[in-house]
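Coordinate-derived values only; no laboratory data. This structure is a prediction, so every number in the text was calculated from the model and none was measured. Reconstructed Cβ throughout: ideal geometry from the backbone, glycine too, with neighbour counts over all protein chains shown.
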Amino acid sequence: MEMFSDIPVEVGLVHEGERIRRKEMQVELGGPDIPDKFELVRVREMDRVEQGKISIEGPDLSEMEQGKAYPLGILVEVAGPALEEDLEGVFERRIHEYCNYIEGVMHLNQRYDIWIRISRKSFQKGLTSLVPIGKVLIRLFQSELSIIDRIQVTFLTDPAKVSGMAAEARQIYDARDARARGLSDEEVDTFYACALCQSFAPSHICIITPQRFPNCGAISWFDGRAAARIDPKGSIYPIAKGECTDAVKGEYGGVNEAAKKGSMGSVHRVWLYTGFGYPHTSCGCFEAIAFYIPEVEGFGIVDRGYKDVTVNGLPFSTLADSTAGGRQVDGFHGISIEYMRSPKFLQADGGYGRVVWMPAELKERVGAFIPEEIRGCIATDGEAKTVPDLKAYLAKVQHPVTARWMAGGSPARPGEIPRSAVFPAGDLPVTAGGVRIIFKNARIHADRVIIQPVIPRKEEKGA
Ligand code: SF4
């Protein structure tokens, strides 16, 4: 493309969705090994923004050791008479999209969770500085969003500067989220759909409602409204809510229609406030996962920042593999932290009365939104590290889920799967008669699952 002729690598849609494995990377910026990282867009007064300015505070790519991870903060400042604060979150999400257009740049997640890799191949082609990335951001922002009159980009890689500014950014995200609280799904006729993550999860479409923040936690209903207003043909667009056919599960005619259209027929129904049945699809940049623990008939929740294994013995990454990809997986549900602060949070499943475990740090973050009578009943990693520990804890504190155990006799023993459980099989391949049949999003119900090691038979004598 002419506008990128001075950029040492290609820039275009074709590079969206490109994955860069550890062994192929030159450096990593942010990501799970780096505690402080962020990306932030701020709307400023005209005189505070110098058109086209790109600054790097700290070492540039060429000064970073190959194969290592570094802190990163991306601050994009914009100005223009028609700009308003509500647009900051929407603009910020574009950083993900635009970075992914650059050959050899992989950008994952958002806000305080960004994870970027630069490929060795692109570094060798000349992408040895953050400056070309800044140029691409500036040009794409201004060519796609004409209401931006001035824009400047600052990359922070100095650890002390990133850490100071990351703390400030967190306060800005919190204030933004708080602004969006107070409006209910019943009060509006329009929801918003977001298709930004389709480059990674083609059948995924987020439904943004006042009380169900989308999976990435980065775009509120107000942000969606502002985005649709400035770019009606963009990736975020309005959808008529339609008739509410189930207020508890959160099923709306307009949402089903939008999901069907947006997922190109892969998804027919969406229940917004549950992790079972037809849960909202999970792309890949969800902030947390609600995962069903059949042995105690409750949900565990783990956030992306939790490094240890969860109470069921699986780390976030493994649970994410079972959840992501734009699928609807019964009992595995990608969510945002802000949705955990909503009165509609897993409403159809019992809300916090169905949550049995989460990391202590996450519990502290959302603690004020957990009903007081349940708060002490939810175990953390401090109280339960295994399912038997969890079961004992829940019985001791008489967690509301224990009433379900009584109703059904007793919870299944660890290792035994209850009759009602449904487990994700993902894309289950079966090879038979020379052809391969793939069951997409298969749901398998079984009365009992028996797992036995296969012992090869000894050959019979004389055979
Ligand atoms: S997670 Fe949802 S709302 Fe966020 S960028 Fe992706 S599709 Fe859009």
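Quick notes on this structure:
- Cα gyration tensor shape of the stretch 39-132, rounded if a/c is under 1.5, else prolate or oblate by comparing a/b with b/c: prolate
- Mean separation of Cα contacts under 8 Å, 6 or more apart, over the residue count of the chain: relative contact order %: 12 percent
- For the chain, the residue among 104, 154, 315 whose Cα projects farthest onto the positive side of the dipole built from Cβ charges is 315.
- For the chain, the longest principal axis of the C-alpha atoms and the axis of helix 131-144 are separated by about 90°.
- Under a 5 Å amide H cut-off, with hydrogens placed 1.01 Å from N, residue 27 pairs with 67, 118 among residues at least 5 apart or on other chains.
- Spacing of the modelled spin labels on residue 307 and residue 233, each 7 Å from Cα toward Cβ, amounts to 4.8 nm.
- Separation of the stretch 4-39 from the stretch 216-294 is 28 Å, based on Cα centroids.
- Volume in Å³ per residue [convex hull over Cα atoms, computed for the stretch 2-179]: 109 Å³
- Stretched out straight at 0.36 nm per residue, the stretch from residue 125 to residue 85 would grow longer than its current Cα-Cα span by 10.6 nm.
- Degrees, to the nearest 10: 387-397 long Cα axis against longest axis of the chain: 80 degrees
- For the chain, the dipole from Cβ point charges (+1 on Lys and Arg, -1 on Asp and Glu) about the Cα centre works out to 1460 debye, to the nearest 20.
- Quarter of Cα convex hull surface for the chain, i.e. mean projection, nm²: 27.5 nm²
- Per residue, the convex hull volume that the Cα atoms of the stretch 185-407 enclose (Å³): 115 Å³
- Average projected area [Cα convex hull, the stretch 85-232], square nanometres: 9.9 nm²
- The chain - mean residue ellipticity at 222 nm from DSSP helices (-39,500 (n - 2.57) per run, n ≥ 4, rounded to 500): -7000 deg cm²/dmol
- Relative to the longest principal axis of the Cα atoms of the chain, the long axis of helix 159-179 lies at roughly 70 degrees.
- Across the stretch 259-358, Cα pairs under 8 Å and at least six residues apart give a relative contact order of 34 percent.
- Placing pseudo-labels 7 Å out from each Cα toward the beta carbon at residue 360 and residue 50 gives an inter-label distance of 4.7 nm.
- Residues of the stretch 283-320 with an amide N closer than 11 Å to a point placed 7 Å from the Cα of residue 385 along the Cα-to-Cβ direction: 309.
- Listed by chain and number, the lysines whose alpha-carbon sits under 16 Å from that of residue 53, ignoring those within fewer than 8 places in the same chain, are 135.
- Calculated FRET value between residue 183 and residue 372, using beta carbons and R₀ = 25 Å, to 0.05: 0.55
- Cα gyration tensor, the stretch 175-304 - rounded (a/c under 1.5), prolate or oblate: rounded
- Reachable lysines, given that their alpha-carbon falls under 17 Å from the alpha-carbon of residue 68 and they are not under 8 places away in the same chain: 23, 37, 121
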